[in-house]
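Here is the structure we will look at, set down as C-alpha cells.
A short reminder: the numbers here are calculations on the coordinates, not readings from a lab. The structure displayed is predicted, hence computed values, not measured ones. Reconstructed Cβ throughout: ideal geometry from the backbone, glycine too, with neighbour counts over all protein chains shown.
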Amino acid sequence: MAPTPIGEFAEFRPSWQSFGVWYFGIFIFLIGPQINPETWVSAALGQLIASIIAAYVIIVRFTRMYRVMPETLEVERTFPSHVKSVVEISDITRVDLRRGMTQRVLGVAHIHVYAKGPEGERVLRLHGVPHPERFKQALLDRGAGDERVYGAFRA
C-alpha cells in the first residue's frame, strides 16, 4: 500500500480554527462591556484585553512552523527564542491526538509526538493541526510507531 501523501503537511502552521476559543474570548471582551456597562470590565479595558488576546493568536500562529519530510518531523518556534526540534520518523513511538469538544467540532487537534532519543523519550507538541487523523496516518505510513496506552493516564 502506498503511503499517505504528505501534501498539506509538508510545511504548515497552526490552523486558524484551532484558536476558536480565543476568538470567543475576544468577542466576549469586545461586546460584553457594550451589553452590560455595569460589569467590572470597562469598554476600554475590554478592548485592551481583546487586543492582547488577538496579538497572542497572531504571534503563536506566525511563529510556529511544522514540517514533515520523508524521513523526519520538524517543529520550529521562533518567538520568544528560536527553537528547532527534529526527530526521525522511525524513532517515533507514539502519536497522541489531544482535543476537546470545540477542537473536534472545528476539525483540529493538538498532537503530542513521542520519540525515543539518546537522552530518553522526547515529546514534540504540535498545536492546531488540521485534519489530525490524516496527519497521524501520514506519519504511521512512513514508519512511525503507535504503541497503545492503557488506563486513564498518559505520560
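Extension gain for the segment Asp141 to Ala10, taken as residue separation times 0.36 nm less the Cα-Cα distance, is 45.7 nm to one decimal.
Can you give the extra length, in nm with one decimal, that the chain gains between Glu74 and Gln47 once fully stretched, where that is 0.36 nm per residue apart less the Cα-Cα distance? Walk me through the numbers on the way to the answer.
Details: separation 27, 0.36 × 27 = 9.72 nm, distance 3.65 nm.
So the extension gain works out to 6.1 nm.
Applying 1/(1 + (r/R0)^6) with r as the Cβ-Cβ distance of Thr93 and Ile28 and R0 = 30 angstrom yields a FRET efficiency of 0.15.
Loop by DSSP (not H, G, I, E, B), at most 11 other beta-carbon atoms within 10 Å: where is the longest site-free stretch of the chain for chymotrypsin sites (Phe, Trp or Tyr not before Pro)? Kindly include the intermediate steps, with their values, before the conclusion.
Details: sites that count: Trp40, Tyr150, Phe153.
Excluding the exposed sites themselves, the longest stretch runs over 41-149.
If contacts are Cα pairs under 8 angstrom and at least 6 residues apart, what is the relative contact order of the chain in percent?
On the way: 245 pairs, mean separation 39.1, N = 155.
With pairs under 8 Å counted, the relative contact order is 25 percent.
Residues of the chain were split at every exposed loop site, defined as GluC sites (Glu not before Pro) in a DSSP loop with at most 15 other C-beta atoms within 10 angstrom, and the longest piece left, sites excluded, is 72-118.
From the largest down, the chain spans 60, 35, 31 angstrom on the principal axes of its Cα atoms.
Could you give the length gained by full extension between Arg104 and Ile59, i.e. 0.36 nm per residue of separation minus their alpha carbon distance, to one decimal place?
Between Arg104 and Ile59, full extension yields an extra 13.9 nm.
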